[in-house]
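Input: a single structure, listed below in structure tokens.
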Amino acid sequence: MNSLTTGMLTIGLLVVSNAFMTFAWYGHLKLQDAGVTSNWPLYGVILLSWGIALFEYCFQVPANRLGFVGNGGPFTLMQLKVVQEVITLTVFTVFVTVFFKGESLHWNHLVAFVLLILAVYFAFLDVK
């Protein structure tokens, strides 16, 4: 696999991983709103979230192994982490605006995204 293909596969795996993570961390709130888990004890909700998070790890670990430069991938550890954080916040933003109608984007959120894009730029800047 060439570097571009490996990089795109890594990013795709990270997106899927973060979709599971976001649902594991925040989906139970929507399920509670819908009445699905409103009467569940906290340990039940925690176990549900852990079960969902298992799938997150099934995509996160291969993404990091595949994408890491030490394994022949295109990303350093710092680059992997910065890309993962941007993906996390992007997936979270889509999730919140689609499933939680009371939440909305404001100008300060857009500024934060611009700063994240700058973080990616600086993380990939070659300063050897």
For THR37, work out the one condition from (1) in contact with a His (Cβ under 7 Å, 6 or more places away or on another chain); (2) more than 22 Å from THR22 (Cβ to Cβ) it doesn't fulfil. (2)
Given the residues GLY67, GLY102, GLY73, which is the only one that is more than 17 Å from the chain's Cα centre (by Cα) and at pLDDT 95 or above? GLY73
When ASN18 is evaluated against the numbered criteria (1) more than 18 Å from VAL96 (Cα to Cα); (2) modelled with pLDDT of 95 or more, which criterion, by number, is the only one it fails? (1)
Hits in region 100-128 (condition: of a type in the set (Ser, Thr, Tyr) and within 30 Å of HIS28 (Cβ to Cβ)): SER104
Determine, yes or no, whether THR5 is under 19 Å from the mean Cα position of the chain (by Cα), of a type in the set (Ser, Thr, Tyr) and either closer than 30 Å to LEU125 by Cβ or modelled with pLDDT of 95 or more (or both). no
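The values are calculated or read from the model by the stated rules, or taken from the named source; none is laboratory data. Everything numeric in this text was worked out from a predicted model, so none of it was measured. Neighbour counts are summed over all protein chains in view; Cβ atoms, including those assigned to glycine, are modelled from backbone coordinates with ideal geometry.
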